[in-house]
Ligand SMILES: [Zn+2]
């Protein structure tokens, strides 16, 4: 069992069971000196709210004792309670600079983001499936208006922040940060590493609308975690991860093995992103379109950067082929 208390820091995990494959949604109260920080803020639902209040009360605190909220990334299952907390108790909210247009649901950014996916799915040869998904994103843009984070958000720029070193760990999301307690070798890592499932590197545009090589970023972020010699990862979902070294190596190995399988499929004559997705994921391509395409595009970009693949635009669609060494 990991000891969650020491002379200068105490962690109170808030672990809310989740029926999905995520198993749980986790966020963390961290007491350091005069500050009581909340790292991430779960879903916007009563289970998470009650979990927060119970954990505060059980340990002799109330909501008014919270001094700030610090976000690992902008995903909705990590920021859910921010509005509810700050409307009752206005405290600073800290996040990566690139989280801000996403959390504030900046119209210009969101329109650009939908256009990014429209073009990307077209170029990957996704045809109707891609058009359907782009239309879904357009509707979601309107439907999710009420999810705007109302509080002012302070950009995390300076390192350290409340005794945490700020570690950039993009890949799962472009704005993902991990907070590292050097004394304890603890890493609050958002969705960088999850014990029971492999975390997805999700394709996203940067603020200028450019695609970033998300899988490569995710691999580099995991390697950063290895180099820090972390003793415990506090993840956004599932169990706390003690001595994450071997789990990270396993994830890195599996990624390489999967890339090799894609290479073999492309060697067999498959050339577009959508063909690759259908051939590898079968009907899951239709059921979980955006996740599957993120995975495929992440691997294609990764293999291209490694010099294993080249691509050619034919009638608006990228065709990939293996570079024989
Ligand atoms: Zn996430």
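Quick note: the coordinates plus some simple rules give every number you see, no bench work behind them. What you see is a predicted model, and the numbers here were worked out from it, not measured in a lab. Quick reminder, even Gly has a Cβ in these numbers, built from the backbone with ideal geometry, and neighbours come from all protein chains shown.
A few notes on this one:
- Going by neighbour counts of Cβ atoms within 10 Å, the residues 261, 211, 84, 102 line up, fewest first, as 261, 211, 84, 102.
- Of 16, 157, 149, the one that fluctuates the most in a GNM where the chain has Cα springs shorter than 10 Å: 157
- Antiparallel content of DSSP bridges confined to the chain, in %, to 5: 70 percent
- For 253, 181, 65, 158, order by how many other beta-carbon atoms lie within 10 Å, fewest first: 158, 253, 65, 181
- When the alpha carbon coordinates of region 154-211 are projected onto the principal axes, the ranges are 37, 32, 13 Å, largest first.
- Expressed as a fraction of 2.2 N^0.38 Å, the C-alpha radius of gyration for the chain is 1.03.
- Acute angle (nearest 10 degrees) that the helix 127-143 long axis makes with the longest principal axis of the chain, alpha-carbon atoms: 30 degrees
- The angle between the Cα long axis of helix 107-123 and the longest principal axis of the Cα atoms of the chain comes to about 30 degrees, rounded to the nearest 10.
- Hull shadow area, averaged, region 100-205 [alpha-carbon convex hull, nm²]: 8.8 nm²
- log10 of Debye I(q)/I(0), alpha-carbon scatterers only, for region 186-318 at 0.15 Å⁻¹: -0.79
- For the chain, built as a Gaussian network whose Cα springs stay under 10 Å, the top-fluctuating residue of 117, 281, 94: 281
- Using alpha-carbon coordinates, inclination of helix 245-267 to the longest axis of the chain, degrees: 20 degrees
- Based on the convex hull around the alpha carbon atoms, region 269-308 presents an average projected area of 2.7 nm².
- Size check on region 168-245: the Cα extents along the three principal axes, sorted descending, read 38, 24, 16 Å.
- At 0.692 mPa s and 37 °C, Stokes D of region 118-172 from Kirkwood alpha-carbon radius, µm² per second: 218 µm²/s
- Residue order for 8, 48, fewest other beta carbons within 10 angstrom first, comes to 8, 48.
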